[in-house]
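FYI, it's all coordinate maths here, none of it is from the lab. What you see is a predicted model, and the numbers here were worked out from it, not measured in a lab. Backbone-built Cβ (ideal geometry, glycine too); neighbour counts: all protein chains shown.
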Amino acid sequence: VLSWSTPWSAVEAGKFKTLEGLFVPTWSGVATSVTWRVETKDTTDDIRIDTAALVEQTPYGFVRTMHREVLSPNHNPFGAGTTNPEGIYIIDLEGEYLSLQRTRISGTLVVLNGPVYVWAVVHWAPAVSNYPALLSDSEVNFWLGNDGSTELDEATANANYNPPGTPYAGWSDADRLDTYPALMRGIVYSTADVKLRYRPVLEGVVLADNDIISEATDVGSMSFFDVTYSSRYYRDAPPGFAATPVVTLSHGSIRRVVD
């Protein structure tokens, strides 16, 4: 039996904190069972676990996360905080992978050099109405609804999803009391595969150069993949998604004129 634990870590009341570690076991054979647990010290207070995972190290290396965040033309909590007026943000994963959940995005993500996992619940729509929501040169995995969530809840996430500069339905505030319907709207395009699992609900168009694969898994006695097609992207295609116009001469529309 092998065991390992992280050091004790103090967590401020009403706040979330990430606890993580890497365990390199030394055994030969096959692991028949693995147990993971969280325990508290010197307290009788309740604790809330937002996300928990025990995973084998992947060939992609480490995960980059976008959890409980707001990204929009006026709000960028990452890096230097540089914003884009159309909400277009490019992420180079450099061989790692991106985990995105419980986040509100008003914009377009261009994700390069690594797979994307969108799971649990999001509220995501492009800032420019006919623009894509997600463009990727690697595999895209939609695991939406894996925890049964149907709305983005500020109190549950301990986050404010409509801060000043990123209003929702024209309204901004500083509290953490609002809820937002689960939403994934826009064009999703991958030059690799798009995989759909649990209860993904998408509004727009899903495109892949390779395969679109349904891996629907039962959650709460329900398994489905729900896509509502929007003709907006046919009538007003974004840059790069429209065919080059072909100019032809209509019979009787040209004549020779002699001075």
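Taking every DSSP helix (H) stretch of at least 4 residues in the chain, weighting each as -39,500 (n - 2.57) and dividing the sum by the residue count yields a mean residue ellipticity at 222 nm of -500 deg cm²/dmol. Highest mean packing first, where packing is the average number of other Cβ atoms within 10 Å per residue, the peptides 239-251, 101-113 line up as 101-113, 239-251. Put simply, the amide H of residue 141, placed in the peptide plane, has neighbours under 5 Å in 116, 117, 118, 195, leaving out anything fewer than 5 places away on its chain. Largest first, the three principal axis extents of the alpha carbons in the chain are 100, 50, 41 Å in whole numbers. In this simple spin-label model, placing a label point 7 Å from the Cα along the Cα-to-Cβ direction at both residue 112 and residue 47 gives a separation of 4.0 nm. With K and R counted +1 and D and E -1, the other residues having a Cβ less than 14 Å from that of residue 172 yield a net charge of -2. Here residue 210 and residue 234 are evaluated by their C-beta separation; at R0 = 22 Å the FRET efficiency comes out at 0.50. Here the relative contact order of segment 96-192, from alpha carbon pairs under 8 Å that lie six or more residues apart, stands at 31 percent.
Relative contact order of segment 132-181: 35 percent, from C-alpha pairs under 8 Å at least 6 residues apart in sequence. The mean sequence distance of close C-alpha pairs (under 8 Å, at least 6 residues apart), as a share of the length of the chain, puts its relative contact order at 13 percent. Amide H contacts of residue 64 (H built 1.01 Å from N, in plane; Pro and chain starts excluded): 97, 98, 99 sit under 5 Å, all sequence-distant by 5 or more or on other chains. Classify segment 82-130 from the C-alpha gyration tensor, please: rounded if a/c falls under 1.5, else prolate or oblate depending on whether a/b exceeds b/c. Because a/c hits 1.5 or more and a/b fails to exceed b/c, segment 82-130 counts as oblate. Taking label points 7 Å from Cα along the Cα-to-Cβ direction, residue 172 and residue 92 give a separation of 3.2 nm.
First measure r as the distance between the Cβ atoms of residue 247 and residue 130, then evaluate 1/(1 + (r/R0)^6) with R0 = 30 Å and state the FRET efficiency to the nearest 0.05.
With a Förster radius of 30 Å, E is 0.80.
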